[in-house]
1. Between residue 38 and residue 4, what is 0.36 nm times their sequence separation minus the Cα-Cα distance? Round to one decimal in nm.
2. Kindly provide the helix-only [θ] at 222 nm of the chain, computed as the sum of -39,500 (n - 2.57) over DSSP H runs of four or more divided by all residues, to the nearest 500 deg cm²/dmol?
3. Based on other C-beta atoms within 10 Å, arrange 27, 13 from fewest to most.
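Just so it is clear, none of the values below were taken in a lab; they were calculated from the coordinates. On a predicted model such as this, the values are computed, not experimentally measured, just so you know. Every residue, glycine as well, gets a Cβ built from its backbone with ideal geometry; the counts of neighbours run over all protein chains shown.
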């Protein structure tokens, strides 16, 4: 689980269950907004699509 709000990429952190949000955006940031959850990195958090 991420400790700094980032996900995927070099560190490979995941967002699921983190305090930042469950979705990992395509740019590698955790969050719960539509922009985080629609275009996202499916291996590192929840995706709505």
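1. 10.1 nm
2. On the way: 1 runs with 5 residues, N = 49.
Mean residue ellipticity at 222 nm (helix-derived): -2000 deg cm²/dmol.
3. 27, 13
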